[in-house]
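Have a look at the structure below before the remarks.
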Amino acid sequence: MEEWDAASICKCVKEVHIRCQIGNDIQELNKKLDTIIPAIHQLGLVAEDQSGIDIEVGPHHNESNTIGRGVGSDCNDLVNLLRRGGEGAHVLFAIVGTIGVGKSTLACKIYHEMRSRFRIRLWVNISNDSRRITIWYGNKFIGRAGMSEQREVLRHYLNDSTRNLLLVIDNVGKADDWNQLLAANEAFRHCGCKVIVTTRDENVARMMGATHFHRVKCLNGDDGWLLLHKNANLGGTVTTGNIQDVGRSIVQKCSGVPMAIRTIGWNLRGRSREDEWESIHSQDFISSYPGIRDTIDTMYMEFKYRLKRCFLYCSLYPEQFVIKQQCATQQWIAEGFFEGSPNLEEEAERCFQELIERGLLLPEHEANGVVGARMPTLLRSFALYRSGDENCVDNPSRISSTSKPWRLCITDEEEIEAIPVYVSRLRTLFVFASSLRSSSLDLIIERFPNLRVLDLRDTEVETIPRTLGRLLQLRYLNLSNTKIRKLPQSIGNLVMLQFLILQNCPCLTQITSHVGRLQNLRGLDISGTPELNDVRFRLLKLTKLNRLHGWTLEELCALRNLTSLQILKLGRASSIEDAHQSRLQEMDNLRELELCCSSADQPPVDVQEHMKDVFSALRPPQCLVSLKLDGYYGNGFPAWFSVSHLTVLQRLTLDGCVHCQRLPGLGEMMNLKFLAIIGFSELTEINYELRGAPATGVAFPLLEQLFLERMQNMVSWSGLVDTDMPLLERLQLDNCPMMISVPSWLQHCTTLKSLKIQHADALQNIENLPALKELQVHDSSNLKRIFNLRRLEDLIIVNCASLSIVQDVPLLRILHLDLDEHTTQLPEWIQKKQSFTLRRLEIVGSEDLLDKCSSSTVRYGRLIKDAADHVYAKLHGGSLYFSYTKSIGMFYRSRRCRESFSMQGAAILAVPVAPRRVHGGWETWIKYTLCAIFLIVSQFFVQWAVSSR
């Protein structure tokens with residue numbers, strides 16, 4: 001026992017000694033970490049998870065890591081705004097965009113650029129869970145702690161810095177906490193101080209009092225490829241085979257989101273074979289990369305319950321499908337997402353707009369006022385992952401017996417019969433298949449009696465079976481763009497139906513009277529049905545209708561809840577009494593109105609007068625927000641068409657008013673944001689009459705978008721003054737063949753960023769537009785000069801053969817040339833030395849022309865090598881022919897280009913080469929011989945490369 005005790009004591013002493021050594025080592029290590037951590041923050045190093053996604057973002061700018069043509073331009077614009085002072089200058093700026101899109105990168109670049117402008121700069125980063133704040137003073141790390149503690153530290157800096165301060169608050173998720181802080185330091189707002197916030201939610205910035213909003217866009221294909229190339233660490237490695245094509249497909253699959261592209265790039269490091277890249281591309285980026293998934297999930301968990309459901313629902317649409325706002329919101333209502341809301345349509349539309357504001361849907365605004373959006377591929381993949389078994393877009397035969405899908409999207413008619421028998425509880429079914437047999441439709445009705453949403457648009461279905469009446473739960477039925485001729489009487493059994501869409505059905509001739517039984521109907525669209533002459537139902541019992549398109553003047557007085565109305569076939573047969581009895585002025589909820597006239601080539605004067613009287617009787621309510629007059633042939637506008645009546649109008653489209661030789665004073669409309677003037681064939685000029693006499697002295701004070709189309713005889717537009725249209729951002733001139741110049745007053749529009757001109761054959765010059773950034777000119781045969789556009793960055797020229805001068809565009813970075821298929825030479829102006837430095841040049845042309853550019857040894861080879869950092873040559877079909885990257889000095893050629901290059905080499909070899917007896921004959925013979933040897937070797941190499949593919 002004594003020996004055992006002694007041994008035990010010795011063992012314990014030894015263990016204590018070892019533990020003391022370990023403790024001392026840990027203390028030393030902690031001390032080293034305490035000294036290293038501040039240095040890490042000073043150097044701009046950040047913690048990364050396994051995917052490489054930043055946990056914490058500091059203000060450490062590295063220009064070499066900034067990729068994207070828009071970053072520099074956006075930075076310059078915001079820096080210029082930050083430098084402005086005086087009354088009315090912006091104070092709080094918001095940088096808005098979806099997660100991982102580059103908001104912090106842009107803010108960091110601005111923070112760096114303004115280091116000499118502001119005496120004090122503070123960078124505040126908020127953690128994703130909004131619990132911790134990290135503060136930098138300049139580039140010096142101050143500390144990281146809880147929200148309340150760090151706000152006190154920040155308040156101390158703000159109280160001591162009442163002049164010349166730049167404050168950046170990065171990753172704001174909630175406005176409440178910051179409203180109190182900024183309100184408590186209101187004084188610094190008036191002392192040359194500026195605040196920049198980055199947020200994923202535009203509403204948050206608006207609640208904080210932001211006065212200027214900048215939305216960060218995703219990277220385009222070229223910039224995305226550069227970022228992927230850099231993060232894959234390819235360096236100067238030649239991208240052999242189709243590896244660049246695979247890389248661009250990866251960028252597209254990442255939806256141009258830098259966060260995702262970087263993550264995939266890091267996982268491609270060390271992989272240089274095409275099959276390895278193909279393997280990565282075939283993966284599901286959401287399920288395969290937790291970093292990408294978790295980052296998007298952080299944003300998703302911030303959503304309210306209804307927004308989550310609507311977001312997931314959008315993933316049902318095919319990839320890159322344009323989701324129309326009207327269709328999506330009606331389907332959400334039919335699914336019951338907004339049950340209990342006092343105004344279902346308003347709530348659904350608000351939700352759709354929030355998806356756009358958060359960058360979850362990318363808007364597609366068209367000139368005719370149709371509002372739609374596309375869902376980015378990456379976010380669609382996430383939504384499908386998150387929806388689990390509820391939403392299915394794959395081949396239905398793969399649905400397992402344990403899955404219970406509620407919603408299904410079919411893209412092939414054969415997939416309908418492949419749906420397993422255990423799938424029976426569908427609530428939504430989309431059929432995006434061109435053909436649809438009656439038997440397939442019978443099967444749908446028999447198998448899925450609980451359907452709430454049935455979308456058959458764009459299919460070739462011709463007959464609707466009587467069994468349709470069995471779908472007693474159906475709330476939404478879309479048959480637009482189909483070949484149906486009539487509806488079965490059994491449709492009257494669908495007492496729950498809320499939305500019936502029959503738009504653009506050219507074969508539809510009859511609608512049964514049983515439609516009048518659908519008392520829950522909220523939306524009915526029968527527009528675009530030219531053969532429909534037998535409408536047997538009445539509107540008297542459809543009192544819940546709030547959206548009616550394609551109707552005539554009859555029975556409108558019974559519909560008091562309409563918010564959107566389209567009236568067709570107004571003409572000489574229309575009664576003034578019927579117009580009065582429609583009582584549009586009493587529709588207090590009406591927001592959208594479209595009045596469409598029957599075609600009339602040359603109506604006599606009395607018919608024109610009658611049409612004006614009919615329109616005068618159709619006096620709409622003052623609450624109207626959107627108005628369209630289509631085909632109006634009255635000899636003057638009705639009295640109510642004035643600023644005194646349309647006080648809140650925001651969108652106005654005047655289409656085909658062929659007998660109106662003058663325009664009313666639209667400039668007096670204080671709330672107008674969108675204006676389209678189309679098809680005024682009698683109008684030769686627009687003058688001061690359009691401006692009117694605005695009460696504030698500024699015409700069109702809120703106008704942002706302006707479209708002029710099919711103005712066949714219009715020569716000029718004058719009458720506006722320097723201060724008019726202060727917010728105009730986008731102008732489009734389409735098919736104005738007599739217009740000799742762009743309006744001179746445009747040179748005073750300091751916010752005009754985009755100009756698109758098509759079919760302007762008389763136009764010769766485009767010049768003196770100081771704020772313009774994007775210019776597109778299509779099919780303008782006499783255009784000769786583009787001059788003095790000092791801010792122009794993006795130029796697209798399509799079939800403008802006479803263009804000879806492009807001058808004084810020092811900031812031009814992107815140039816797209818689309819040349820006629822018969823053109824075999826590059827324009828002379830591009831061959832001359834220019835003052836601008838292009839980042840990207842894209843040439844679309846014939847194969848003959850592109851062959852002259854595809855190598856350094858051909859005619860335009862030297863020009864291509866010096867023209868831009870990146871050159872992309874495409875055929876008219878859109879396929880890439882070759883590309884050139886200046887940084888590595890290499891051409892990448894498609895298979896077709898390589899084959900053409902090979903054939904050209906063979907043709908050259910077929911030419912006999914013999915020594916000639918001239919001065920220096922032997923030297924010449926040796927030179928030709930060496931060239932022949934080089935071409936032979938090149939020919940064999942090219943043939944080997946083609947065969948190895």
Single residue of segment 830-867 satisfying the filter (assigned to a helix (DSSP H, G or I) and of a type in the set (Gly, Ala, Ser)) that is farthest from Ser894 (Cα to Cα): Ala867
Residue in segment 697-710 that is more than 22 Å from Met669 (Cα to Cα) and surrounded by 15 or more Cβ atoms within 10 Å (Cβ to Cβ) present: yes
Contacts under 6 angstrom Cβ, first residue in segment 719-744 being of a type in the set (Lys, Arg), partner surrounded by fewer than 17 Cβ atoms within 10 Å (Cβ to Cβ) and not in a loop (DSSP other than H, G, I, E, B), 6 or more apart: Arg730/Ser754
Filter result (at pLDDT 85 or above and out of contact with any strand residue (DSSP E or B) (no Cβ under 9 Å at 6 or more places or on another chain)) within segment 622-650: Gln622, Cys623, Pro638, Ala639, Trp640, Ser642, Val643, Ser644, His645, Thr647, Val648
Output for segment 463-517, where each listed residue is more than 35 Å from the chain's Cα centre (by Cα), β-branched (Val, Ile, Thr) and within 23 Å of Gln331 (Cβ to Cβ): Ile464, Thr467, Ile491, Val495, Ile511, Val515
Residue in segment 746-771 that is farthest from Leu812 (Cα to Cα), counting only those that are surrounded by 18 or more Cβ atoms within 10 Å (Cβ to Cβ) and of a type in the set (Val, Ile, Thr): Ile757
Extreme residue, farthest from Arg538 (Cα to Cα), among residues of segment 564-590 that are crowded, with 19+ Cβ neighbours inside 10 Å and under 32 Å from the mean Cα position of the chain (by Cα): Leu590
Restricting segment 627-647 to residues that are more than 36 Å from the chain's Cα centre (by Cα) and under 15 Å from Gln661 (Cβ atoms), the residue that is surrounded by the fewest Cβ atoms within 10 Å (Cβ to Cβ): Asn635
Segment 849-873, subset touching a residue at least 40 places away in the same chain (Cβ under 8 Å) and small (Gly, Ala, Ser), residue surrounded by the fewest Cβ atoms within 10 Å (Cβ to Cβ): Ser855
Scope segment 470-487; condition in a strand (DSSP E or B) and in contact with a helix residue (DSSP H, G or I) (Cβ under 6 Å, 6 or more places away or on another chain); matching residues: Tyr476
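Results for (1) among the hydroxyl-bearing types (Ser, Thr, Tyr); (2) surrounded by fewer than 17 Cβ atoms within 10 Å (Cβ to Cβ); (3) at pLDDT below 90; (4) out of contact with any strand residue (DSSP E or B) (no Cβ under 8 Å at 6 or more places or on another chain), shown as yes or no for each residue.
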residue	(1), (2), (3), (4)
Ser255	yes, no, no, yes
Ile261	no, no, no, yes
Ile264	no, no, no, yes
Ile280	no, no, no, yes
Phe285	no, no, no, yes
Tyr289	yes, no, no, yes
Tyr300	yes, no, no, yes
Lys304	no, yes, no, yes
Tyr317	yes, no, no, no
Scope segment 329-348; condition under 17 Å from Thr563 (Cα atoms) and surrounded by 17 or more Cβ atoms within 10 Å (Cβ to Cβ); matching residues: Thr329, Gln330, Ile333, Leu344, Glu345, Glu347, Ala348
Unique match (being under 27 Å from the mean Cα position of the chain (by Cα), part of a loop (DSSP other than H, G, I, E, B) and within 28 Å of Thr837 (Cα to Cα)) among Leu769, Leu727, Leu815, Leu803: Leu769
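Yes/no matrix, rows are residues, columns are (1) at pLDDT below 90; (2) touching a strand residue (DSSP E or B) at 6+ places or on another chain (Cβ under 6 Å); (3) surrounded by 16 or more Cβ atoms within 10 Å (Cβ to Cβ); (4) under 23 Å from Leu880 (Cβ atoms):
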{"site": "Gln180", "(1), (2), (3), (4)": "yes, no, no, no"}
{"site": "Ala184", "(1), (2), (3), (4)": "yes, no, no, no"}
{"site": "Arg206", "(1), (2), (3), (4)": "yes, no, yes, no"}
{"site": "Gly235", "(1), (2), (3), (4)": "yes, no, no, yes"}
Failed condition for Phe321, given (1) touching a helix residue (DSSP H, G or I) at 6+ places or on another chain (Cβ under 7 Å); (2) within 30 Å of Lys253 (Cβ to Cβ): (1)
From the options Gly58, Gly72, Gly52, Gly85, residue that is part of a loop (DSSP other than H, G, I, E, B) and at pLDDT 70 or above: Gly58
Hits in segment 373-390 (condition: among the aromatic types (Phe, Trp, Tyr) and free of Cβ contacts under 8 Å to residues at least 60 places away in the same chain): none
Elements of type helices (runs of 4 or more DSSP H) contained in segment 359-458, each with 2 or more residues being surrounded by fewer than 20 Cβ atoms within 10 Å (Cβ to Cβ) and at pLDDT 90 or above: 377-387, 438-447
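The values are calculated or read from the model by the stated rules, or taken from the named source; none is laboratory data. Just so it is clear, the model here is predicted, and its values are computed rather than measured. Cβ sites come from the backbone with ideal geometry, for glycine too, and all protein chains shown count toward neighbours.
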